[in-house]
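In what follows, a structure is listed as structure tokens, so that the remarks can point back to it.
The values are calculated or read from the model by the stated rules, or taken from the named source; none is laboratory data. The shown structure was predicted, so the numbers you read here are calculated from the model rather than taken from an experiment. Because the Cβ atoms are built from the backbone with ideal geometry, glycine has one as well, and the counts that use them run over all protein chains shown.
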Amino acid sequence: MPLQTFDNLPQEKRQRIIECAVDEFAQHDYASASISKIVAKAGIAKGSLYQYFNDKSDLYSYLLDLVSQTKANMMAKAFRQENRMPFFESLQALFSVMANFELQYPKLAKIGYKATSGKSPLPEDLLIKGKRATIHYFVTLINQGKASGEIRSEVDAEVAAFIFVSALSEIGNYVSAYSLKTSTDINPEKPTPAQLSGIERLYQQVIMILKNGIAN
């Protein structure tokens, strides 16, 4: 996490350093990302960066925290209702949040994906712990759906949760590729109406298949 000296910087300078770091880590995996390129683009001395962060992994951890916080803020807005939504409405809202995260923050999404699917300094047990936490969340959601009668009682919650987590993980890659194919907006951070419409159809199809299966 950043040192106090980073927090003491003017907002504009902090933001410039963060944006340059995000650009670099979005384009390259952890090992290939260059601190020299980050500081050159940010217009600061290399030694200065180490006054703000302990080392490269410290900066990387900060960016991963930024990914998590951005995603969490979007989740909080989507699930701010006091009453619990039906299971498949909750699932659709969750998929929608993830899809929109990919569209609105493509660089952060790439950093998050590289951290979990490629070589990164994250310990293997930390990655496993994160995945187990996600599966546990879905198991709880599925058991609530079973209790309310929305989901058949014979459904294995663990197996279903694994399927949902896998779908949620892969849908991000599909959305990322889709957004690149359909993007005509000069500002990639802002989803176009065409992107939003296409992604709406995408996650509706995913929900339909998960809910009803594919048998005739």
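For (1) crowded, with 16+ Cβ neighbours inside 10 Å; (2) not in a loop (DSSP other than H, G, I, E, B); (3) not polar (S, T, N, Q), each residue gets a yes or a no:
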{"residue": "Thr5", "(1), (2), (3)": "no, yes, no"}
{"residue": "Ile18", "(1), (2), (3)": "yes, yes, yes"}
{"residue": "Ala26", "(1), (2), (3)": "yes, yes, yes"}
{"residue": "Ile38", "(1), (2), (3)": "yes, yes, yes"}
{"residue": "Lys77", "(1), (2), (3)": "no, yes, yes"}
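Rundown of residues vs (1) among the charged types (D, E, K, R); (2) at pLDDT 95 or above, yes/no style:
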{"position": "Leu3", "(1), (2)": "no, no"}
{"position": "Asp7", "(1), (2)": "yes, no"}
{"position": "Cys20", "(1), (2)": "no, yes"}
{"position": "Glu24", "(1), (2)": "yes, yes"}
{"position": "Asp29", "(1), (2)": "yes, no"}
{"position": "Lys46", "(1), (2)": "yes, no"}
{"position": "Tyr52", "(1), (2)": "no, yes"}
{"position": "Asp58", "(1), (2)": "yes, no"}
{"position": "Asp65", "(1), (2)": "yes, no"}
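Going through Ser148, Ser169, Ser153, Ser179 one at a time, which residue ends up being at pLDDT below 75, surrounded by fewer than 17 Cβ atoms within 10 Å (Cβ to Cβ) and in the same structural domain as Gly130 (by TED's automatic domain parsing)?
Being at pLDDT below 75, surrounded by fewer than 17 Cβ atoms within 10 Å (Cβ to Cβ) and in the same structural domain as Gly130 (by TED's automatic domain parsing) holds for just one of Ser148, Ser169, Ser153, Ser179, which is Ser169.
Go through the stretch 8-26 and give me each residue that's touching a residue at least 60 places away in the same chain (Cβ under 8 Å) and either of a type outside the set (A, V, I, L, M) or touching a His at 6+ places or on another chain (Cβ under 8 Å) (or both).
Asp23, Phe25
Against the condition under 30 Å from Ile151 (Cα atoms) and of a type in the set (Phe, Trp, Tyr), how does Phe53 come out, does it pass?
Considered against the rule, which asks whether it is under 30 Å from Ile151 (Cα atoms) and of a type in the set (Phe, Trp, Tyr), Phe53 comes out as no.
Could you tell me whether any residue of the stretch 89-99 is in contact with a Pro (Cβ under 9 Å, 6 or more places away or on another chain) and either among the hydrophobic types (A, V, I, L, M, F, W, C) or modelled with pLDDT of 90 or more (or both)?
No, the conditions are met nowhere in the stretch 89-99.
Within the stretch 7-41, track down each residue that is under 25 Å from the mean Cα position of the chain (by Cα) and hydrophobic (A, V, I, L, M, F, W, C).
Ile17, Ile18, Cys20, Ala21, Val22, Phe25, Ala26, Ala31, Ala33, Ile35, Ile38
Please state which one of Leu63, Leu59 is under 25 Å from Ala99 (Cβ atoms) and either not assigned by TED's automatic domain parsing to the domain that holds Phe101 or not β-branched (Val, Ile, Thr) (or both).
Leu63
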